[in-house]
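Here's the structure, in structure tokens; my notes come after.
The values are calculated or read from the model by the stated rules, or taken from the named source; none is laboratory data. Note that the coordinates shown come from a computational prediction; the quantities given were computed from them, not determined experimentally. Don't worry about glycine lacking a Cβ; one is built from the backbone with ideal geometry, like all the others, and counts go over all protein chains shown. We work out accessible area using only protein heavy atoms, side chains counted, and drop any ligands, DNA or RNA first. Shrake-Rupley method; radii C 1.70, N 1.55, O 1.52, S 1.80 Å.
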There are 2 protein chains.
Amino acid sequence: MDRFLNDNHMLMIPGPITVPPRILRVNSRPMINHRGPIFQKIHEYCVDGLKKIFKTDEGEVYIFASVGTGAMEACVSNFFNRDDRVLVLVNGNFGQRFVQIANAYGLNVDALEFVWGQYADPEKVKDHLSKYPKGTYKGVLVQHNETSTAILNDLEKLSPIIKEHGALFVVDSISGMVAAPFEMDKWKVDVVAAASQKAFGCPPGISLLGVSKEALNRANNANLPRFYFDVRKYHESYKKGQPPFTAPISLYFSLEESIKMIFEEGLDNFQKRHIVLRDSVRSAVKALGLKLVSDDSCASPVVTGVFSPEGISPQDIINTMRKDFGIVLAGGQSQFKGKIFRIGHLGFIGATEIFSTFAALELTLDKLGYKFEKGASVKAAQKVFEENM
Amino acid sequence: MDRFLNDNHMLMIPGPITVPPRILRVNSRPMINHRGPIFQKIHEYCVDGLKKIFKTDEGEVYIFASVGTGAMEACVSNFFNRDDRVLVLVNGNFGQRFVQIANAYGLNVDALEFVWGQYADPEKVKDHLSKYPKGTYKGVLVQHNETSTAILNDLEKLSPIIKEHGALFVVDSISGMVAAPFEMDKWKVDVVAAASQKAFGCPPGISLLGVSKEALNRANNANLPRFYFDVRKYHESYKKGQPPFTAPISLYFSLEESIKMIFEEGLDNFQKRHIVLRDSVRSAVKALGLKLVSDDSCASPVVTGVFSPEGISPQDIINTMRKDFGIVLAGGQSQFKGKIFRIGHLGFIGATEIFSTFAALELTLDKLGYKFEKGASVKAAQKVFEENM
């Protein structure tokens, strides 16, 4: 039996994730005119809801028809000038992607590298910036949640250090947004990217960009070439309640439904649930005697990285989970390739998915010859949920 | 009663269009891993099918998560160098968009303007190019089907003129592809943009880019900044049967279904059907005594522009059609705003949609005080379908 081949499977990767039935259903709603009155209402509901989720009154949130990388490009192409110097805090694959994008746009890029699996230490950032006159870096770019290494950076602590330097504070929160607390205004984030297929629980194809007033001013004077992701076009068009180009209508239906569901659960509850999911997974992994990639202090609420036991390839674990149980896990990226596997736990899932994932993982590890106490991981997960009921 | 507000309506605009049930249904299929084996099969089926539709053996077709404008930007950002001189043939709003994009990327742009509603006369293009040494223009950019003015340009005749000059032949066929015959290899088209929400009958959110060998070579040496739409990344990644970034999975399901449906009908039949749709609409419009925007010689197979009768605002026609009948028509753009309305007739529709559109349009025009022979337009449409059964 290969359940996976029959769509009857469970995505436990850090996006795209299992889309809940309510969202799947609206995704097959008939098309409407993106220049008509129904669409305008949906558009305005989404923009308004996203501003509440991003926690911004002063800034704007724009909706792009693209996947997350498009919004990451928009983080670079809109707010800087050719040859501007920027600093990227790199503790994983997506930090490296920021470096690549900034390089592609001809910026002067410095990468401040951190050990993979550890967070971007604010003290080290402070030390680094103190070596340069204020304003040397026009922007500091950082991941909120670095998906590849399963860590959450501490934006609140990084913020005053970056703002003190006089740089734009540019954040990729593609996998963090909604799941982890985020305070755009309070933390003085200037630009933040997010996407539909992570904790929003929608299909991929929409990305989001939060932009502060200061960043918008910079965009008005910045000289890098851009058109499709040009925030000025979105800003002008949104005044009329309209996207500047054809909108990805079915994905807007999904996003609208997702925002409704998030508010029905309550944003705080939504985020607390992700902490419980995280803790249950980490507790279960520890009970198996496996090593976690990230410290408890900076553990991601949406994805957990696990080192494969010695002598067992993570790809074998992933393949067995998929073939025998229809449960899809992710592998490692870049320097973690072939070393770790990752369990995504984000969106609209709960205890049931965690229980079945670990029950299946136990049988998988057993089959592959790893020795551990059977039942221990499910028990550990149960305990965490029990304590948080 | 406002049928429109209940999703119970008919989109007769030139995209997004009414998506057929088969496609809507797959759009709510559960997510799959875009790095897994099921997705790879779908991806490869789509790329292979698109190459058959674009009629290219030698070139490549790339699938972007974006709406059409993203592919138009890719037409510019990938293949030219800063300060390159390009010629845009402009006979409508989307020609102007090419000018804007090329300007945004710092190219030297000349626009060769044609009267709106007329096609880009190959003789005039020849005359213009003959004034410049060969190779002056690195590229000539043109719409295949110009949606705003409802005309179809003659790519087959333009091709030898443009290639003789030594320019890249760059085509926006966003609203033309699949509906109108297109021969990428035979017509030596170097770059062609298309999109999911036009004749493919899918929701918006996927755009397509056909790229010739020569264009790909140019891309390898071109110096404009780009990342998300960088064809080199797509080219490398497609060798492994993978998109470079997260894919818009639900839209891939739709595109796969659309391609299947196109091949089931047969590409030739699909295109002949669009000719019949076009002829029925034009014949019906003439029977109402209304003036068509475009000549018969260059009439678009996907959209028909109609001048509003004197004293009647096209917006009143559009509003009445929507409110009384749930039928959505489009207005004019730029210099045609407030002067014309447009009827889209593309994708998987047939005689029924045309009959009801004109029956409703008759009642609408009557209500707004226009004098004509009642029943004449439906009769004229019937005749065209009868002759083509």
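Given a 1.4 Å probe, how much area per residue of the stretch B:101-163 is accessible, in Å²?
Computed with neighbouring chains in place, this is 40 Å² per residue.
Compute the helix-to-body angle for A:376-387: its Cα long axis versus the longest principal axis of chain A, expressed 0 to 90° and rounded to tens.
The angle comes out at about 60 degrees.
Report, in whole Å, the centroid distance computed from the Cα atoms of the stretch B:303-369 and the stretch A:126-175.
Centre-to-centre distance over Cα atoms comes out at 53 Å.
Ranked highest first by average number of other Cβ atoms within 10 Å, how do B:192-201, A:248-257 line up?
Ranked from most to least packed, the peptides come out as B:192-201, A:248-257.
Given the protein chains as shown and a 1.4 Å probe, how many square angstrom of B:R22 are accessible, to the nearest 10?
Accessible surface of B:R22 is approximately 80 Å².
With Rg and the Kirkwood Rh both taken from Cα atoms, where does Rg over Rh land for the stretch B:31-263?
My calculation of the ratio gives 0.96.
Quick check: the angle from helix B:267-287's long axis to the longest principal axis of chain B, C-alpha only, nearest 10 degrees?
40 degrees
Compute the FRET efficiency between A:N223 and A:K374 as 1/(1 + (r/R0)^6), taking r as their Cβ-Cβ distance and R0 = 51 Å, and round to the nearest 0.05.
0.25
Residue by residue through the stretch A:110-127, which ³J(HN,Hα) values in whole Hz follow from phi under the Karplus form 6.51 cos²θ - 1.76 cosθ + 1.60 (θ = phi - 60°), with glycine and proline marked x?
Listing the rounded values in order: 9, 10, 9, 8, 10, 4, 4, x, 10, 7, 7, 4, x, 5, 5, 5, 4, 4 Hz.
How shielded is B:373-380 by partner chains, expressed as the average number of their Cβ atoms within 10 Å of its Cβ atoms?
0
Tell me which residues come under 5 Å, amide H to amide H, from B:M31 once H is placed; ignore anything under 5 positions away on its chain.
Distant-sequence amide H within range of B:M31: A:V19.
Using a 1.4 angstrom probe with every protein chain in place, what is the largest-first accessible-area order of B:I23, A:I275, B:I312?
A:I275, B:I312, B:I23
How would you rank B:153-161, A:343-351, highest first, on the average number of other Cβ atoms within 10 Å across their residues?
The peptides rank, most packed first, as A:343-351, B:153-161.
Please give the average number of partner chain Cβ atoms lying within 10 Å of the Cβ of each residue in B:63-74, rounded to a whole number.
Averaged over the peptide's residues, the number is 6.
What nm distances, shortest first, do you get from the label point of B:D83 to those in the other copies when the point sits 7 angstrom along Cα to Cβ?
From this label point to the equivalent ones elsewhere in the assembly: 1.5 nm.
Pairs of alpha-carbon atoms within less than 8 angstrom and 6+ residues apart define the contacts here; what relative contact order does the stretch A:31-263 have, in percent?
28 percent
Would you mind checking which residues have amide H under 5 Å from A:V90's amide H? H placed 1.01 Å from N; only 5 or more apart, or other chain.
A:L112, A:E113, A:F114
With a cut-off of 8 Å between alpha carbons and a minimum separation of six or more residues, what is the relative contact order of chain A in percent?
In percent, rounded to a whole number, it is 23.
Between chain B and chain A, with a rotation axis joining them, whose C-beta in B is nearest that axis, and what is the whole-Å distance?
Spelled out as residue then distance in Å, it is B:S28, 2.
If you take the accessible area of A alone, add that of B alone, and subtract the area of the pair, what total do you get in Å², probe 1.4 Å, to the nearest 100?
Heavy-atom accessible area buried at this interface is about 4200 Å².
Carbon and sulfur atoms: what percent of the 1.4 Å accessible area of chain B do they account for?
48 percent
Dipole magnitude of the stretch B:194-323 about its Cα centre, charges +1 at Lys/Arg Cβ and -1 at Asp/Glu Cβ only, in debye to the nearest 20?
300 debye
With only alpha-carbon atoms counted, please give the Rg and Dmax of chain A, in Å.
Cα only, chain A: 21.0, 63 Å (Rg, Dmax).
State, to one decimal in nm and shortest first, how far the label point of B:R25 sits from each corresponding label point in the other identical copies (label point: 7 angstrom along Cα-to-Cβ).
In nanometres, ordered from closest: 1.8.
Average partner chain C-beta neighbours within 10 Å, per residue of A:213-225?
1
Starting from the 7 Å offset along Cα-to-Cβ, what nm value, one decimal, do you get for the label separation of A:I38 and A:K337?
4.6 nm
Stretch A:E387-A:D57 to full length: gain in nm at 0.36 nm per residue minus the Cα-Cα span?
Going from the current span to full extension adds 115.2 nm.
If you count only protein heavy atoms and use a 1.4 Å probe, how large is the accessible surface of A:S313, to the nearest 10 Å²?
50 Å²
Enter the angle in degrees (range 0 to 90, nearest 10) between the Cα long axis of helix A:155-165 and the first principal axis of the Cα atoms of chain A, meaning the one along which they spread out most.
So the inclination is approximately 30 degrees.
Label points 7 Å out from Cα along the Cβ direction at B:K124 and A:K291: separation in nm?
A separation of 7.2 nm, rounded to one decimal place.
When each copy gets a label point 7 Å from Cα toward the beta-carbon at B:P133, what are the spacings between them in nm, shortest first?
4.6
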